[in-house]
1. Val67 passes all but one of (1) within 27 Å of Tyr486 (Cβ to Cβ); (2) modelled with pLDDT under 95; which number fails?
2. Scan the range 314-325 and give yes if some residue there is under 23 Å from the mean Cα position of the chain (by Cα), within 25 Å of Ser391 (Cα to Cα) and buried (at least 17 other Cβ atoms within 10 Å of the Cβ), otherwise no.
3. Among the residues of the range 161-209, which ones are more than 22 Å from the chain's Cα centre (by Cα), within 21 Å of Trp257 (Cβ to Cβ) and either buried (at least 21 other Cβ atoms within 10 Å of the Cβ) or not hydrophobic (A, V, I, L, M, F, W, C) (or both)?
4. List the pairs whose first member sits in the range 184-211 and is part of a strand (DSSP E or B), whose second member is basic (Lys, Arg), and whose Cβ atoms are under 7 Å apart, counting only residues at least 6 apart or on separate chains?
5. Restricting to the range 222-238, and then to whatever is aliphatic (A, V, I, L, M) and at pLDDT 95 or above, can you tell me which residue is surrounded by the fewest Cβ atoms within 10 Å (Cβ to Cβ)?
6. Evaluate the following for Trp411: is it in contact with a helix residue (DSSP H, G or I) (Cβ under 6 Å, 6 or more places away or on another chain) and not β-branched (Val, Ile, Thr)?
7. Could you please find all residues in the range 358-377 being over 21 Å from Ile193 (Cβ atoms) and part of a loop (DSSP other than H, G, I, E, B)?
8. Do the conditions hold for Leu468, that is, is it modelled with pLDDT under 90 and within 24 Å of Val412 (Cα to Cα)?
Amino acid sequence: MKLVMLNILVLVSTGAFSAPSTPFQFDSWVGHSLEKLYTDGILESAHWHTRPKSRFEVAKRLDDVLVKPSNHLNIQLYSKLLDEFSLERTLLAKQRGGRFKVRGSIQVRKDKNAHRIAPALLLAARYFHVNGLTFYQEFEVAKNPTNKHPKQGKTAGQRVNPWYGGYVGDFSRVFVVFPIASGFRIKVGRDAIFWGAGIRSAIGISDNSPNFDLISLQGQIGPVMGTAFAAKLDPMWATEPRRYLANRYLAGHRLDWQVSRTIQMAISELVLYSGEQRSLEWYYINPILPYYASQYNSENNNRADSNDNVMLLFDFSFRPLNGWRLWAEFLVDDFSYTSRDDPNDLAIVIGAELTNLLSNKQLVVSLTYTRVNRWTYTHLVETNSFTHFGSVIGHRIGNDADLAMIKTDYWVNQDWLICLRYQLERQGAADIGDRFEGENEHHSIRFPSGQVKKQNHLSFDFFYEPILSKTSRRWQKHCWQICGSYQFIIANQDKEELEETTTRQHHLVFQLRCNFELAGVNH
């Protein structure tokens, strides 16, 4: 049996399928450290469900600690973060000036699908001003990473075009941020979006798909942060009622409320719409106009493509004690509240993280369960499936699947992190192209449906990620980093004749990085 999902899971531990990093960051230690300090009650979560965060946002939170860290490890992590964001903190303190900086990372990688070790180069340039004006560009040259954003659906577009030897050059994050008022800013360009309370993935918008070409508006009034965006997606061929090339778009708006220092909740509305020669709909660009009402009022029974894919997302997190964090996400793709006998297309994530099981707080244990119903992310209009360049925009497991995971992290020190993870994934027979056609037998369909693939994953991961060193040479800082993962996978698949096939897989992947930073230009 061929394991369709294996290539998706192997790179989880080396940076894929986690919340997107802050800009100008080629490693994962910042995200790991912030998550731990939030859970330990040292830093305020500060609308952490709405990511990625700018470097100025992180710097502000570092200067506004709830309590001073007293544990040895937390002191080390906090000090390391202060060093990393020292420039942003200095500009915030002066309240004037800007800076141009260049960073890069020369890497040697061994991925799951690669038979040989291959080099890669990442470069990022940014100009940032204390008033919020930001120009940012990030470029990557690497072997075609086919498993970075796995295709689970159809697309008529192409995200990157391979060069000689299978290498691709990708401008993965390119954007300009304009401050327009106190606490409000507009972003234009290409960037990631991650809406959810989880640590590694989200059921609403995650980084499972390529980054979006978008325009977004974000602002904060008191404890409430509002975000709205409109993005152009990849085109897709429609086959019903005739063949045509559909333009596709995604829009979303969100309110993220920091209820208290320990409670955060958010509500979001998303809409994916498409059609032949269809352009941006102005009522979906309105940041405060409800999408569902707009879609319902504009729906034309004579036009199949006027039925848009609207979703509601709720997420919540609670820190009952320092060292404890509980969270949940709930997605409503379709909910039957009329006499029509339609299935409820829902998804849910519940999770917990504990960091105080040992007195030294070096052990972190997290448990997560994710379930995505059979027709979630799908739609009656075939070009309205919740995908971008064929990759699911939501959770990486797709629809008709669930995932249970337990993960333990052990911090040896501020630079060394060791992880042990076990997860059980069940994948049903349906995929993102399996649309509900009005059949009534959905009540008798089990979950997951049809022939079920069961995959047991046991993985060991390690990260050695020191900060960029302060050398005597003023023009450059650098550091060496290495991370890797070993995975043992047992997969079972039911057969129609009631037999079961079992396969075993072993995988080893790693990255060796030389990160560097060139001297900047003050303004």
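1. The one condition Val67 does not meet is (1).
2. Looking for residues that are under 23 Å from the mean Cα position of the chain (by Cα), within 25 Å of Ser391 (Cα to Cα) and buried (at least 17 other Cβ atoms within 10 Å of the Cβ), one finds at least one in the range 314-325, hence yes.
3. Matches in the range 161-209: Ser182, Gly183.
4. Arg190/Arg173; Asp191/Arg173; Phe194/Arg51; Trp195/Arg254
5. Within the range 222-238, the first condition is being aliphatic (A, V, I, L, M), and the residues that meet it are 224-225, 228, 230-231, 233, 236, 238.
Subset that is at pLDDT 95 or above: 224-225, 228, 230-231, 233, 236.
Numbers: Val224: 14, Met225: 20, Ala228: 21, Ala230: 22, Ala231: 23, Leu233: 24, Met236: 22.
Among them, the one singled out is Val224.
6. yes
7. Hits for the range 358-377 are Leu358, Ser359, Asn360, Lys361, Gln362, Asn373, Arg374, Trp375.
8. yes
The values are calculated or read from the model by the stated rules, or taken from the named source; none is laboratory data. Computed from a predicted structure; not experimentally measured. Methodologically, a virtual Cβ is constructed for each residue, glycine included, from the backbone with ideal geometry; neighbour enumeration extends over all protein chains shown.
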